[in-house]
Every structure is written in structure tokens, then in C-alpha cells.
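The values are calculated or read from the model by the stated rules, or taken from the named source; none is laboratory data. Since we're looking at a predicted model, the values are computed, not measured. All Cβ positions, glycine included, derive from the backbone under ideal geometry; neighbour counts span all protein chains shown.
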């Protein structure tokens, strides 16, 4: 979700943990599996659909193509 009040992206986890990201591209610091999970979800954006909608399209495109432009963290084996 994008919060106009804070000017940040907000990710709320199932356990109640809330993470804040200054820009949408800061989300790419998350691991690959986490980004794929976020890419499958619809972004809730009650205040400003344009910012969240634009980023929702970017992250979905990156997930579908295997992250060609942004290189998220990969777990070591």
C-alpha cells in the first residue's frame, strides 16, 4: 500500500510486522521469494491509486520476466 500521509510504501505482514519503504524501488532490497509473493498480491491504495498502481505494474512485470532490470537478493545454497 502507498501512504500519501507518510509518502512511503507500507507492507504489513501476517504476524503484525509493518515495514516502511521510502520508494518502491527500495522494496527490491527484499529477497526474491518475498518480492514474488508481493507481486502476486493486489496493492491496497485507498488514498492515491496512481503511485501504487504504477509500482504494482512494475513489480508484476519484473516478477513475470525474472527480474531483468532489478537484481533482488538471492539466497545462498
Problem set entry | Search result, residues across the stretch 15-34 that are exposed (fewer than 15 other Cβ atoms within 10 Å of the Cβ) and part of a loop (DSSP other than H, G, I, E, B) | 15, 16, 17, 22, 23
For this session: Tally the residues that are free of Cβ contacts under 8 Å to residues at least 24 places away in the same chain, in contact with a strand residue (DSSP E or B) (Cβ under 8 Å, 6 or more places away or on another chain) and closer than 19 Å to residue 69 by Cα, restricting the search to the stretch 22-42.
Result: 2
Exercise. So how many residues does the stretch 28-37 have that are modelled with pLDDT of 80 or more and under 8 Å from the mean Cα position of the chain (by Cα)?
Worked result: 1
Problem set entry | Filter result for residue 68 (at pLDDT 80 or above and loosely packed, with under 13 Cβ neighbours inside 10 Å) | yes
Exercise. Hey, among the residues in the stretch 1-14 that are without any contact (Cβ under 8 Å) to a residue 40 or more places away in the chain, over 10 Å from the mean Cα position of the chain (by Cα) and part of a strand (DSSP E or B), which one's surrounded by the most Cβ atoms within 10 Å (Cβ to Cβ)?
Worked result: 8
